[in-house]
Each structure stands twice: as C-alpha cells, then as structure tokens.
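A.B. asks: This structure is in structure tokens; I'll ask about it shortly.
Where a number appears in this text, it was derived from the coordinates with a stated rule and is not lab data. These numbers come from a predicted model, not from an experiment. Don't worry about glycine lacking a Cβ; one is built from the backbone with ideal geometry, like all the others, and counts go over all protein chains shown.
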Ligand code: NDP
C-alpha cells in the first residue's frame, strides 16, 4: 500500500536528495514542501517525469499562514513520515561582540519553531498512520559536547530543536509515534559548502535507510547520519 512522506525544504540540498531516495525506494507518495515552488526547477522537472508520485506544495515553515495553508492542502490524508529538513545557517554576525539579534530570531523561527509548527499542524494526519514517524534534521553543532566557537544563532537553534523534539517524543510515545533527530553529516550543499565530507546522495541514502529502520525504542534519540547514536 502506498505510504506518504512529507519533506520540508525539498527543492535543494539534502531535502531534494531525500525526495529522490523515496522515489527510488518503494511505493511512496512524496509531498515535497518548498518555499517557492515556481522557482524549484530541478524539483519540478523530477515531478514532471513521474506519474504523480511527487506533489509539490508551498510551505514557509516560519510563516503561520503558510503552514495553515499547507495543512489545508493535505486535508485529512494520512502521513506516515514527516521529515523536518528545512533550515538556515544564518549570516556572519553570530559571534560575541557582533551578534545580530534579529537574525537570531529569524533563525529560531525557521530552525526551531518551524519543525514544531509543522508537526503540530500535521499531527492529526500522522496519527492516522499505523507507524507514524517524525524526523528532525538537526546538527552536531546543536550538541553541548561539540566544541565550537561562535554561531550563537545556528547552534542554539539546533540545541533548542533537539529539546523540543524530545518533548514531542515523550508526549507521542504512548501513541506509538516515533520522533527522532539526526545529524546528517557534513554535507556538500549550499549550506555545507563543497569542501564538506560527504555528498548529498551519501547522506540522504543513509538517512533514508535509518528512517526505515526506526522503532519505538528509538524515540527521543539523536543519531548520526549513519545510524550511530549522537552525543547530546
Ligand atoms: P541547503 O541550504 O542546501 O537547503 C536548505 C533548504 O531549507 C532549502 O530547500 C531552503 O529553501 C529550505 N528553507 C530554508 N528556510 C525555509 C523556510 N523558512 N521555509 C521552508 N523552507 C526553508 O541546506 P542543507 O540541505 O544542507 O540542509 C538541510 C538541513 O540539514 C538543515 O536543517 C541544516 O541545518 C541541516 N544540516 C546540514 C548540514 C550540512 O553540512 N549541509 C550539517 C548539519 C545539519 P529555499 O531554497 O527556499 O531557501
């Protein structure tokens, strides 16, 4: 039977590669969410080449009206997997003495509030699945144990994302809905840069395999892209 996955930030980077993974692996209806569908050329081309397997829907995860319209577009359909992937790293003003607080707020709105907002809007759809999964693409930079300098906005947004997702996990556990967080690796995308360790397909293919293997015992946990546990 066809399962449905929602992927945010599906037009480029890791999100786009995840779309390709779901397309290539089994019977999935893919709801590819992106901020500007009209300019998502590669995603539109891929969707046009399939037989309706990819449905492109506008979604700005930081905009309440956009999230509400997105939920309306989905209606009362079942969602089996929600992948909260969309994110921003923010600009250069993230170190002591030069912090741009407006940008920090924007980063939190996208990276932290966005995934919770989208999850809350779609929770009734996820509850319709027998095996509902909610995934957040977090970052090692959100881990307290990761020694790093600067990046107040990005690092704190991912740390807070992890905390919010663990709260969701504990609230949804009794309903057998799994919530898991992943560091996707250092990936060659617009965000990661071309000097990064791994390619988007390497990251996305491994993440896909991990998501498929998730069981309730994994809920509330933070993993690396290869499925190993990640330190908090
Ligand atoms: P990219 O910069 O390549 O892509 C980011 C995606 O997020 C784009 O599709 C972008 O859309 C979308 N996005 C940004 N803001 C919003 C918004 N408000 N609403 C909806 N979509 C939005 O990044 P990656 O693919 O590398 O990153 C994906 C995820 O992985 C992020 O959460 C990132 O933090 C995380 N990550 C990445 C790492 C890396 O090395 N690349 C390492 C650790 C974590 P648009 O095209 O419209 O801007």
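Okay, residues lined up against (1) surrounded by fewer than 16 Cβ atoms within 10 Å (Cβ to Cβ); (2) in contact with a helix residue (DSSP H, G or I) (Cβ under 8 Å, 6 or more places away or on another chain); (3) closer than 22 Å to residue 77 by Cα:
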| residue | (1), (2), (3) |
| --- | --- |
| 136 | no, yes, yes |
| 139 | no, yes, no |
| 148 | yes, yes, no |
| 157 | no, yes, no |
| 167 | yes, no, no |
| 170 | yes, no, no |
| 177 | no, yes, yes |
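A.B. asks: Sticking with this structure for a sec: Grab the strands (runs of 3 or more DSSP E) fully contained in region 1-97, keeping just those with 2 or more residues being within 16 Å of the ligand (Cβ to nearest atom) and surrounded by fewer than 20 Cβ atoms within 10 Å (Cβ to Cβ).
C.D. replies: Working: elements: 3-8, 28-34, 54-58, 81-84.
Qualifying strands (runs of 3 or more DSSP E): 54-58.
A.B. asks: Here are some residues: 197, 190. Which one is surrounded by fewer than 14 Cβ atoms within 10 Å (Cβ to Cβ), touching a helix residue (DSSP H, G or I) at 6+ places or on another chain (Cβ under 7 Å) and at negative phi? Give the steps one after another, and end with the answer.
C.D. replies: Numbers: 197 fails: touching a helix residue (DSSP H, G or I) at 6+ places or on another chain (Cβ under 7 Å).
Within the list 197, 190, the selection yields 190.
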